[in-house]
Amino acid sequence: MMPTVLFVCEGNRFRSQIAEALFNAWAPAGWSAVSAGTEPKPPVHPKAVDLMAEIGIDIASQKPKPLDLDVAAKAWRVLAMCSMAACPIDIADKTEHWDVPDPADLPESQWFEIRDDIAERVKALIREIARTTPPVKA
């Protein structure tokens with residue numbers, strides 16, 4: 001079974017969609033990411049689609065999905081984009097809260113900073129995977 005990382009936020013419209021797409025674009029061989037929302041709100045935010053298109057990643061066909069506890073239980077790690085207060089989830093001691101700002105709390109002109117912050121965190125996660133887990137056999 002392919003190891004999976006689950007990215008979660010409230011609406012699954014922006015932050016977790018960006019994280020999923022970045023991870024899948026850069027993931028080590030045999031790894032994948034999925035995303036979900038505690039209260040999914042379709043559609044994926046058009047600005048998230050635009051911000052990802054700027055860096056050559058197409059998320060236009062992505063759809064917000066509800067959090068599935070079976071998927072979460074099988075994930076290698078669950079990464080909540082929000083704080084514990086906003087996303088009160090802790091699954092099998094493998095949940096990490098990244099506390100990425102909600103784009104609704106910032107002017108739209110700063111939303112690219114959220115994408116770039118998530119990108120740096122995803123790169124660090126991939127470095128951790130490379131350092132601490134054996135390669136996945138195809």
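Every read-out reported here was derived from the displayed coordinates using simple, explicitly stated rules and does not represent laboratory data. Just so it is clear, the structure is predicted and the values come from calculations on it, not from any experiment. Every residue, glycine among them, receives a Cβ derived from its backbone with ideal geometry; neighbour counts consider all protein chains shown.
Listed values, structure above:
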| item | result |
| --- | --- |
| A53 paired with W76, simple spin-label distance in nm, labels 7 Å along Cα-to-beta-carbon | 3.2 |
| Exposure proxy ranking, count of Cβ atoms within 10 Å, fewest first, for V136, V49, V34 | V136, V34, V49 |
| Debye intensity ratio in log₁₀ form over the Cα atoms of the chain, taken at each q of 0.15, 0.19, 0.20 Å⁻¹ | -0.67, -1.10, -1.22 |
| Positive-end residue of S35, N12, A73, charge dipole of segment 4-132 with Cβ unit charges | A73 |
| For segment 85-124: rounded, prolate or oblate by the Cα gyration tensor [a/c cutoff 1.5] | oblate |
| Lysine pairs in segment 4-132 with Cα atoms under 23 Å, if 8 or more residues apart or on separate chains | 11 |
| Hz values of 3J(HN,Hα) by residue in segment 95-105 - Karplus curve (6.51, -1.76, 1.60), Gly and Pro given as x | 9, 10, 9, 8, 6, 6, x, 6, x, 4, 8 |
| Crossing angle, helix 111-132 versus the chain [Cα axis fit, 0-90 degrees, rounded to tens] | 0 |
| Rounded if a/c under 1.5, otherwise prolate or oblate - segment 1-67, Cα gyration tensor axes | oblate |
| For the chain, Cys with no neighbouring Cys Cβ under 4.7 Å | C9 |
| Helix-only [θ]222 nm of the chain, DSSP H runs n ≥ 4, -39500 (n - 2.57) each, per residue, nearest 500 | -11000 deg cm²/dmol |
